[in-house]
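To keep things clear, I will list the structure first and then write my remarks on it.
The values are calculated or read from the model by the stated rules, or taken from the named source; none is laboratory data. Being a predicted model, the structure only gives us computed values, none of them experimental. Reconstructed Cβ throughout: ideal geometry from the backbone, glycine too, with neighbour counts over all protein chains shown.
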Amino acid sequence: MTEQKAKALLKEMILPNGDIYGLGRYASWQVSHPETARLDGDFNAEELAALAWWMKNRVKRIIR
């Protein structure tokens, strides 16, 4: 997974500060609390992989 692919899959849910938030299929993840995400809806494996990539790598970019 690359950042570009993750962005393409999560594009409607990425907030300007890097948080993930979506209401259609509920998804919530905060850069300030990177350990967990809350999901409620139907997500395919590729979308889940993108979310996992975002959670792992977005925090690394912010902390550096």
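Count of the stretch 1-13 residues, restricted to those that are out of contact with any strand residue (DSSP E or B) (no Cβ under 6 Å at 6 or more places or on another chain) and buried (at least 16 other Cβ atoms within 10 Å of the Cβ), is 3.
Look at the stretch 38-60: where a residue is free of Cβ contacts under 8 Å to residues at least 24 places away in the same chain and a partner is surrounded by fewer than 17 Cβ atoms within 10 Å (Cβ to Cβ) and among the hydroxyl-bearing types (S, T, Y), sitting 6+ places away or on another chain with Cβ atoms under 6 Å, you get R38/S28; D40/Y26; G41/Y26. In the stretch 29-44, the count of residues that are surrounded by fewer than 13 Cβ atoms within 10 Å (Cβ to Cβ), part of a helix (DSSP H, G or I), at pLDDT 95 or above and out of contact with any strand residue (DSSP E or B) (no Cβ under 7 Å at 6 or more places or on another chain) is zero. Remark: pairs (first residue in the stretch 22-33, without any contact (Cβ under 8 Å) to a residue 40 or more places away in the chain and under 12 Å from W54 (Cβ atoms); second residue of a type in the set (A, V, I, L, M) and loosely packed, with under 15 Cβ neighbours inside 10 Å; Cβ separation under 6 Å; 6+ apart in sequence or on different chains) = V31/I62.
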